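The values are calculated or read from the model by the stated rules, or taken from the named source; none is laboratory data. Worth saying up front: this structure is predicted, and the values here are computed from it rather than measured. Neighbour counts run over all protein chains shown; Cβ positions are idealised from the backbone, glycine included. When the accessible area is computed, the model is the full protein with side chains, heavy atoms only, and any ligands, DNA or RNA have been set aside. Shrake-Rupley method; radii C 1.70, N 1.55, O 1.52, S 1.80 Å.
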Amino acid sequence: MPILIKTPEEIEKMRLACRLGAEVLDYIAPCVKIGVSTRELDRLCLDYMQNVQGTVSACLNYAPPGHTPYPAAICTSVNHQICHGIPNDRPLKGGDIMNLDVTVITKDGFHGDTSRMFLLGAPSIQAKRLCAITFECMWLGIRAVRPGGRLGDIGAVIQKHAEKNGFSVVREFCGHGVGRSFHEEPQVLHYGKAGAGPELKPGMIFTIEPMINAGKAAIRQMPDGWSVTTRDRSLSAQWEHTVLVTETGVEVLTLSAGCPPAPDGMGA
Ligand code: MF3
Ligand code: CO
Ligand code: CO
């Protein structure tokens with residue numbers, strides 16, 4: 001499969017899907033508190049998607065080759081969980097950091113994919129720094145997107161910033177093209193070489209979703225078939241936006257009222 005170039009009509013439908021994905025995060029943000037379980041957050045998000053938005057969770061029952069159907073509407077990855085954490089009954093506690101990842105499918109059949117970190121109470125200085133640097137990594141990646149640029153430009157700036165700060169980049173999971181399919185080409189690696197890889201062209205839509213570990217990059221696949229943790233049990237953080245390559249640069253599609261602004265000097 002080649003990298004799809006979306007038509008103006010498809011782009012408009014993706015703008016809607018992505019805004020709705022971001023609005024699920026806006027909706028759930030005030031509910032992310034010490035004592036709430038990730039299962040309760042999952043239930044609330046599913047109810048909001050189904051009964052307020054009229055969207056469908058792309059995650060629920062998602063079953064790519066070699067996987068059992070994913071059993072929840074969102075992913076909640078806490079502390080040393082890297083991604084695809086399955087919501088459960090454990091209450092969140094003070095000091096936890098959690099990625100909450102939402103993908104909706106609209107009535108038009110388009111996917112909007114975005115995630116944010118949530119900090120509960122007062123996490124350690126290292127945990128806060130990891131979340132902040134990962135956020136900067138995502139935005140540096142976004143700022144590297146321009147027509148005529150290369151896919152490798154994105155991974156290169158992300159890897160450089162993560163490693164300069166003593167952190168490591170997860171290799172096994174990457175960003176991805178997104179549209180009528182949840183995961184399409186290209187694979188957007190969060191490491192690599194500037195100037196390498198396919199040329200970025202207006203109309204391409206993909207996610208940038210760096211997973212950054214405080215310790216080593218190695219992962220551990222958990223026996224539930226989905227959740228992935230750091231092998232060394234160090235903390236991991238992730239932020240995700242879906243972006244469009246425009247004629248002049250980049251448009252972030254998963255912005256919303258409640259989404260934290262780009263770091264100073266990196267623009268919206
Ligand atoms: N939303 C994730 C991503 O960013 C994928 C989650 S797949 C699931 O690509 F099945 F675990 F939900
Ligand atoms: Co994604
Ligand atoms: Co996602």
Exercise for the section: Kindly indicate whether any position in the stretch 117-124 is within 16 Å of ligand 3 (Cβ to nearest atom), part of a strand (DSSP E or B) and aromatic (Phe, Trp, Tyr). Expected result: yes
Checked the stretch 137-151 for anything buried (at least 20 other Cβ atoms within 10 Å of the Cβ) and outside any loop (DSSP other than H, G, I, E, B); matches are Cys137, Met138, Trp139, Leu140, Gly141, Ile142, Leu151
* To do: Look at Met98 and say whether it is away from ligand 2 (no atom under 16 Å from the Cβ), part of a strand (DSSP E or B) and either modelled with pLDDT of 95 or more or under 21 Å from Val56 (Cβ atoms) (or both).
  => yes
Considering the stretch 198-239, residues that are part of a loop (DSSP other than H, G, I, E, B) and polar (S, T, N, Q), and then whichever is most open to solvent (accessible area, probe 1.4 Å), we arrive at Ser234
Item to complete: Determine, yes or no, whether Ser57 is in contact (Cβ under 8 Å) with a residue 24 or more places away in the chain and within 16 Å of ligand 3 (Cβ to nearest atom).
Response: yes
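Yes/no per residue for (1) at pLDDT below 95; (2) touching a strand residue (DSSP E or B) at 6+ places or on another chain (Cβ under 6 Å); (3) closer than 22 Å to Asp47 by Cβ; (4) open to solvent by 10 Å² or more (accessible area, probe 1.4 Å):
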| site | (1), (2), (3), (4) |
| --- | --- |
| Ala63 | no, no, no, yes |
| Ala72 | no, no, yes, no |
| Gly112 | no, yes, yes, no |
| Arg129 | no, no, no, yes |
| Ala132 | no, no, no, yes |
| Ile158 | no, no, no, no |
Of Leu44, Leu92, the only residue that is open to solvent by less than 50 Å² (accessible area, probe 1.4 Å) and without any contact (Cβ under 8 Å) to a residue 24 or more places away in the chain is Leu44
